[in-house]
1. For the stretch 65-122, which residues satisfy the criterion of being within 21 Å of ARG139 (Cα to Cα) and basic (Lys, Arg)?
2. For the stretch 101-144, enumerate the residues that are of a type in the set (S, T, N, Q) and over 18 Å from the mean Cα position of the chain (by Cα).
3. With a cut-off of at least 1 residues that are at pLDDT 85 or above, more than 22 Å from the chain's Cα centre (by Cα) and surrounded by 21 or more Cβ atoms within 10 Å (Cβ to Cβ), name the helices (runs of 4 or more DSSP H) lying wholly within the stretch 174-282.
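The values are calculated or read from the model by the stated rules, or taken from the named source; none is laboratory data. Please read these numbers as outputs of a predicted model, since none were measured by experiment. So basically every Cβ, Gly included, is an ideal-geometry build from the backbone, and we count neighbours across all protein chains shown.
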Amino acid sequence: MTGMLKTTALLGGLTALFMAAGYALGGESGMATAFAFSIIMNIGSWFFSDKIVLALHRAKEVQEPEFPDLFATVKRLADRARIPMPRIYLIESDTPNAFATGRNPKHAVVAFNRGLIDRLRPEQISAVAAHELAHIKHRDILISSIAACIAGAISMIAHTAQWAMMFGRRDDRDNNPIAVLATLIIIPIAATLIQMAISRSREFEADRLGAIIHGNPLDLASALASLHAINDRAPLALPSPAMAHMYIVSPLSGRNLLRLFSTHPDVNERINRLQQMATARG
């Protein structure tokens, strides 16, 4: 029920944002158009957000003969987690990272960056995969996919506002430059808030369950340390910064202002909890 409430809140926030932006750009007619578009967007994101997210990342589905070891690992972990085997996608990026998407465990996908497969040790890859399967088992992936889909829509509104401000007639009430400027300021803030709407606690819980599924908390701690160090030095190029919450570690550089509003807990705290978990398990 909690996940459903969060999803409903995000969809409601999207609708309000669209209507406010539509009013700023086009008055009452713009608001009505934005409302109609938001309804379509809400329905579409519920069923197709995973496909949209994967398309934006240019992720390609891979088959077992291409990565037999990876498929064997994910199958073994999925059996332990008692969930269906997810489809596996590959993102052609040298920066190692991973995320899960899909509206439920039966339609789940785990996407791995090529850099993760090439640069991490097998036990680290297994621990990362277990973390993502934990998200799937907890049904975190629907709300993450919807939030990422919303981010694309927010970017589109921002671009529309920019063009309206550049070419809108100053005497046109529907293109009030002050209202458009306000929209340009509000929309990026709203995108950041959408990231923050994805609870940081879900990462701690996915770490805990992922470590249980994999069998060794220290492997996940080691993977998190490696991923964080590399992503901090060479940030991943994202379709939108508002998609950062989907990944196992933040793909944004520590020098990026958005890290002030990071959806991920501090990686050192995550590592400490996993180390404590390993000590408690002996």
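1. Once the filter is applied, which keeps residues that are within 21 Å of ARG139 (Cα to Cα) and basic (Lys, Arg), the stretch 65-122 yields LYS75, ARG76, ARG80, ARG82, ARG87, ARG103, LYS106.
2. Going residue by residue through the stretch 101-144, those that are of a type in the set (S, T, N, Q) are 101, 104, 113, 124, 126, 144.
Of everything in the stretch 101-144, those that are of a type in the set (S, T, N, Q) and over 18 Å from the mean Cα position of the chain (by Cα) turn out to be GLN124, SER126.
3. Numbers: elements: 177-197, 201-214, 217-233, 267-281.
The helices (runs of 4 or more DSSP H) meeting that bar are 201-214, 217-233, 267-281.
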